[in-house]
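The values are calculated or read from the model by the stated rules, or taken from the named source; none is laboratory data. Note that the structure is a prediction, hence the values are computed from the model and not measured. Because the Cβ atoms are built from the backbone with ideal geometry, glycine has one as well, and the counts that use them run over all protein chains shown. Heavy atoms of the whole protein, side chains included, go into the accessibility calculation; ligands, DNA and RNA do not. Shrake-Rupley method; radii C 1.70, N 1.55, O 1.52, S 1.80 Å.
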Amino acid sequence: MKEVIYRLWQMLLGWGFVGLIYNATDRWQGAGYQLTPSWLDRAIPFSPHAIWLYLSFFLIVPLCYLLCPLSRIKWLRSSMQLAAIVAGAIYLLWPTTMDYPVDQGSSLSSTMLAVLIGIDSKQNCLPSLHIALTALAVWAVADSRKKWRSILLSVWGLAIAFSILQLRRHLLVDLLSGAVLAVAVGYACQHVRWIVSDLRQGERP
């Protein structure tokens, strides 16, 4: 039980910090530069039903916090915090937006999308933290000894990425930049962890 509480606390420190940065930058930034969709963005048909896969982001992140090796939990927290800081700086210095489609459907999916639109930022597009955090979460759980679990989580992460494009919450360039951000901060935090570990070993008699 103590371990679960510890994991949830680390998630609050990491994911909660992202939420603070995301909302604060949305309040303080100027008007966003409108991004142009690529041919792939235009080729993927819009569907409000993608909302369910999109929202599964809010399941995969806590699940990965609970499943990842305990030795990686602080790395996951720190990587998410650093991703938020870097993305937040970009949101303030170069805010971006896009042309969002109008959904006039009456299905439950359309209703959920309307709720999301009502609370989500119309800017903060590039880089996509939705993708960056998903990638970091799946990365934290990846384990060659648990091949099928790693594959299933990776496929889930890719499905979330596709749902983002299908729902038109981000463009391809946002997803690619979000993935690059995840790799950059992930390796940066790994490097710092290795340095700290080496220093601690050097202090031992």
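Here are some notes:
- Across K74/K122; K2/K146; K122/K146, pairs whose alpha-carbon gap is larger than 29 Å: K74/K122; K122/K146
- Rounded to whole numbers, the Karplus 3J(HN,Hα) couplings from phi for segment 68-77 are 5, x, 4, 5, 9, 5, 6, 4, 4, 4 Hz, using 6.51 cos²θ - 1.76 cosθ + 1.60 with θ = phi - 60°, and x at Gly and Pro.
- The fraction of accessible area contributed by carbon and sulfur in the chain is 68 percent, rounded to a whole number (1.4 Å probe; ligands and nucleic acids excluded).
- Calculated FRET efficiency, A24 to V4, Cβ-Cβ distance, R0 = 30 Å: about 0.55 to the nearest 0.05.
- Highest average first, the peptides 181-187, 119-125 ordered by how many other beta carbon atoms sit within 10 Å of their residues are 181-187, 119-125.
- Comparing W139, W28, W52 in a Gaussian network model of the chain, where Cα atoms under 10 Å apart are tied by springs, the biggest mean-square fluctuation is seen for W28.
- Once the gyration tensor of the Cα atoms in segment 1-128 is diagonalised, the equivalent ellipsoid follows with semi-axes of 29, 20, 13 Å, ordered largest first.
- Residues of segment 58-91 with amide N under 15 Å of a point placed 7 Å along Cα→Cβ from I119: 58-59
- Amide H partners (placed H, <5 Å) of T96, local residues excluded: Y33, N124, C125, L126
- Probe 1.4 Å, protein heavy atoms only - accessible area per residue of the chain in square angstrom: 56 Å²
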